[in-house]
Amino acid sequence: MANLSEAYESAPVQTHHIIPLDFQSVNHVPESHSWSNSDDSLPVQSQPLVNCEQISLPIIDLGDLDASKMMGQACESWGMFQVINHGIPLTLFRDVESEARAFFSLAAEEKMKALRSPSGVTGYGVARIAPFFNKVMWHEGFTIVGSPVDHVREIWPERYHRFCEVMEAYQKAMKELSERLLDLILKSLGTPEEHIEWLPSVACQGRLAPCTALQLNSYPPCPGPTQVIGLAPHTDSYLITILHQVGNINGLQVLMEGTGWVLIVPLEGAVVVYVGDMLHIMSNGLFPSMLHRAVVDNTRHRLSFAYFYGPPADSSISPIPRGCPSQFRSMTVREYIEMKAKDFKGALSKIRVV
Ligand SMILES: C=C1C[C@]23C[C@@]1(O)CC[C@H]2[C@@]12CCC[C@@](C)(C(=O)O1)[C@H]2[C@@H]3C(=O)O
Ligand SMILES: O=C(O)CCC(=O)C(=O)O
Ligand SMILES: [Fe+2]
């Protein structure tokens, strides 16, 4: 990426925090992955990990004339919504799925050839938030910022082109969709143009590149799904995340005030869009960036693809003026990502001013 690698370099991850378990060779949950009775598990155990309540998130048709208003309402009440009629061909989701499956089914020593470096962003490894927990998640990921070619060529000298082409096409489609969605969401907030000079519909020429990333998440089947966590509770950092959950395997849960953890059941053909920290800041706290987590299945291998979109690294983010005192101080995207990389739980409260 032309943008944020340096922000992550300032908080490198220890090598042992990057290497996932060899899931193909385990038939029990090792102590390192058992979240029961660990300090980390407190927010996790306050409710059953599986069979929790299901909710129906608002479903918004991108062709609907009221889409902007509905998105604003959904962001305010839920911090998230589902989108249908988004224009992403089903074949593209299937192509990404087939490349991701081909990658994650490789033997552990093959995947290790694409390992993310301690201060890098692209590559194979555990989630970036892993060092903040004592226990290890039942998860492996492949993060792509820009092109994965240098990593994938190591594994597939003959067929790496296909993987790269598919990921490039997906990132292009997701970038366009993110920009369409942000246009509508920011319109619902009455955002003045000078506040979002980086958005293509506003910018003239010479626009800087947005910060984007694609995360392929893999949650292998687990012999003790209630003991482990796929992805520990977190909020996403950027403006929005577009999530595609593969197949009809449940996994994504969101913490709803007053209700607890609720399951977001995958809806075929739809994507889930959620508010990230930067949109929470821009909306001056009106749109919550919801705490979410992923749980795992005992027989099925779950995959999800998360696409993150944020403003260019050096642009500043601050609450859109809407007549109320600002709850957050202004900072650059780079500064916020650096803060979150060092302290992922405390970053938002550190920039809160009221
Ligand atoms: C752009 C990014 C957001 C992310 C960190 C990253 O550089 C690439 C991976 C993303 C991810 C995916 C899993 C959850 C998460 C919190 C993490 O550990 O890595 C998010 C990061 C984020 O939103 O900050
Ligand atoms: O796999 C999921 O459902 C959630 C993934 C996620 O939260 C993320 O990649 O940030
Ligand atoms: Fe997330």
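The values are calculated or read from the model by the stated rules, or taken from the named source; none is laboratory data. Not measured: the values here are computed from a predicted model. Please note: Cβ atoms are built from the backbone with ideal geometry, for glycine as well, and neighbour counts cover all protein chains shown. With ligands, DNA and RNA removed, areas are computed over all heavy atoms of the protein, side chains included. Shrake-Rupley method; radii C 1.70, N 1.55, O 1.52, S 1.80 Å.
Side notes on the structure shown:
- Qualifying GluC sites (Glu not before Pro) in the stretch 254-354, DSSP loop, other Cβ atoms within 10 Å at most 14: Glu257, Glu268
- Accessible area of Arg300 (1.4 Å probe, protein heavy atoms only, ligands and nucleic acids ignored): about 100 Å².
- Ellipticity estimate at 222 nm from DSSP helix runs (n ≥ 4, -39,500 (n - 2.57)) divided over the chain, nearest 500: -7500 deg cm²/dmol
- For Thr332, the residues whose amide H sits under 5 Å from its own are Ile317, ignoring neighbours fewer than 5 places away on the same chain, with H placed 1.01 Å from N.
- The share of accessible area on the chain that comes from carbon and sulfur is 51 percent, using a 1.4 angstrom probe.
- For the stretch 326-342, Karplus couplings with θ = phi - 60° (6.51, -1.76, 1.60), whole Hz, Gly/Pro x: 5, 8, 10, 7, 7, 7, 7, 4, 4, 4, 5, 5, 4, 4, 5, 5, 8
- Largest-first ordering by accessible area, 1.4 Å probe, given options Ser349, Ser56: Ser56, Ser349
- Loop sites in the stretch 140-186: GluC sites (Glu not before Pro), DSSP, at most 15 other Cβ within 10 Å: Glu154, Glu158
- In terms of its C-alpha gyration tensor, the stretch 114-247 comes out oblate, because a/c is 1.5 or above while a/b does not outweigh b/c.
- For a straight C-alpha distance cut-off of 28 angstrom, the lysines reachable from Lys172 (same-chain residues fewer than eight places away being disregarded) are Lys69, Lys111, Lys113, Lys187, Lys340.
- Reachable lysines, given that their alpha-carbon falls under 28 Å from the alpha-carbon of Lys345 and they are not under 8 places away in the same chain: Lys135, Lys175
- In sequence order, calculated HN-Hα J values of the stretch 212-219 (Karplus, 6.51, -1.76, 1.60; Hz; x Gly/Pro): 9, 7, 10, 10, 8, 9, 10, 10
- For the chain, with +1 on Lys and Arg beta carbons and -1 on Asp and Glu, the positive-most of His301, Val202, Ala347 along the dipole: Ala347
- The mean sequence separation of alpha-carbon pairs under 8 Å and at least six residues apart, normalised by the residue count of the chain, gives a relative contact order of 23 percent.
- Net charge dipole size for the chain [Lys, Arg +1 and Asp, Glu -1 on Cβ; Debye, nearest 20]: 280 debye
- Under Karplus coefficients 6.51, -1.76 and 1.60, residue-wise ³J(HN,Hα) of the stretch 305-314 in Hz, glycine/proline x: 10, 10, 10, 10, 10, x, x, x, 3, 9
- Relative contact order for the stretch 117-275: 22 percent, from Cα pairs under 8 Å spaced at least 6 residues apart, divided by residue count.
- Space enclosed by the convex hull of the alpha-carbon atoms of the chain, per residue, Å³: 132 Å³
- Amide H contacts of Met256 (H built 1.01 Å from N, in plane; Pro and chain starts excluded): Trp261, Val262 sit under 5 Å, all sequence-distant by 5 or more or on other chains.
- Among Leu279, Leu239, Leu65: highest mean-square fluctuation, GNM of the chain, C-alpha pairs under 10 Å: Leu65
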